[in-house]
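Chemist: To start, I am sharing the structure in question, which I have written as structure tokens.
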Amino acid sequence: MLTSTLSADQWWIAALVSGIALAVAAQSMATTRRDKAIAMSLPLVGAVGIVIHSAARGYEDRTPLVLYTATMLVLVILRIVFARYITRQLELKRSGRPMEDMTGKQTAIFFFAFVAALVGVAFVL
């Protein structure tokens with residue numbers, strides 16, 4: 001873990017920055033006002049989920065902050081990795097045409113990218 005020496009205050013900063021990064025990444029995919037509101041709420045919803053999960057499991061100290069930061073970073077990384085695909089889908093939606101359905105191969109690639117990002121972030125954090 002490259003971050004094993006971070007204090008709780010530093011983890012709060014990391015969590016805040018990663019939450020903002022997810023809000024920005026999600027905003028880039030929003031096409032309507034409703035979508036923009038949902039995109040802005042994602043970091044908050046993630047925080048509530050992590051707090052509930054951590055309380056149920058009895059996690060203390062910095063663990064919830066690490067979980068939150070890791071979750072937000074994985075989602076941001078995936079937004080960057082799949083930027084071209086997402087942009088193409090958004091262009092279809094904005095032009096009034098239906099978005100393309102994901103193929104089995106695309107689903108498998110997404111799954112493996114998700115796992116790779118999760119392992120990478122877990123290793124770094």
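Chemist: Select from region 66-125 the residues that are aliphatic (A, V, I, L, M) and outside any helix (DSSP H, G or I) and write down the one among them that is farthest from residue 11 (Cα to Cα). Spell out the reasoning first.
Modeler: Initially, region 66-125 is screened for residues aliphatic (A, V, I, L, M), giving 66-67, 70, 72-78, 80-81, 83, 86, 90, 92, 99, 102, 108-109, 113, 115-119, 121-122, 124-125.
Checking the rest, the ones that are also outside any helix (DSSP H, G or I) come to 99, 102, 125.
Numbers: 99: 38, 102: 36, 125: 10 Å.
Ranking the qualifying residues of region 66-125, first place goes to 99.
Chemist: Residues of region 37-59 being open to solvent by 80 Å² or more (accessible area, probe 1.4 Å) and at pLDDT 90 or above, which ones?
Modeler: 40, 44, 45
Chemist: Would it be correct to say that residue 48 is under 12 Å from the mean Cα position of the chain (by Cα), in a helix (DSSP H, G or I), more than 22 Å from residue 111 (Cβ to Cβ) and without any contact (Cβ under 8 Å) to a residue 12 or more places away in the chain? Quick ask: steps written out before the conclusion?
Modeler: On the way: under 12 Å from the mean Cα position of the chain (by Cα): no; in a helix (DSSP H, G or I): yes; more than 22 Å from residue 111 (Cβ to Cβ): yes; without any contact (Cβ under 8 Å) to a residue 12 or more places away in the chain: yes.
For residue 48, the condition - under 12 Å from the mean Cα position of the chain (by Cα), in a helix (DSSP H, G or I), more than 22 Å from residue 111 (Cβ to Cβ) and without any contact (Cβ under 8 Å) to a residue 12 or more places away in the chain - is not met.
Chemist: Something else about it: Six or more apart or on different chains, Cβ under 8 Å: which pairs go from a residue in region 55-66 that's touching a residue at least 40 places away in the same chain (Cβ under 8 Å) to one that's among the small types (Gly, Ala, Ser) and open to solvent by less than 80 Å² (accessible area, probe 1.4 Å)? Could you list them?
Modeler: 61/8; 62/8; 65/8; 65/14; 65/15
Chemist: Continuing with the same structure: Just name the residue that is surrounded by the fewest Cβ atoms within 10 Å (Cβ to Cβ) out of those in region 4-36 that are under 19 Å from the mean Cα position of the chain (by Cα) and part of a loop (DSSP other than H, G, I, E, B).
Modeler: In this case the residue turns out to be 31.
Chemist: While we're here: Among residues belonging to region 60-99 that are within 14 Å of the chain's Cα centre (by Cα) and among the polar types (S, T, N, Q), point out the one that is most open to solvent (accessible area, probe 1.4 Å).
Modeler: Taking the candidates together, the pick is 71.
The values are calculated or read from the model by the stated rules, or taken from the named source; none is laboratory data. Fair warning: this is a prediction, and the values are worked out from it, not measured in the lab. A quick note on method: Cβ atoms are made from the backbone with ideal geometry, for glycine too, and the neighbour counts reach across all protein chains shown. Quick note on the areas: whole protein, heavy atoms, side chains included, nothing else; ligands and nucleic acids left out. Shrake-Rupley method; radii C 1.70, N 1.55, O 1.52, S 1.80 Å.
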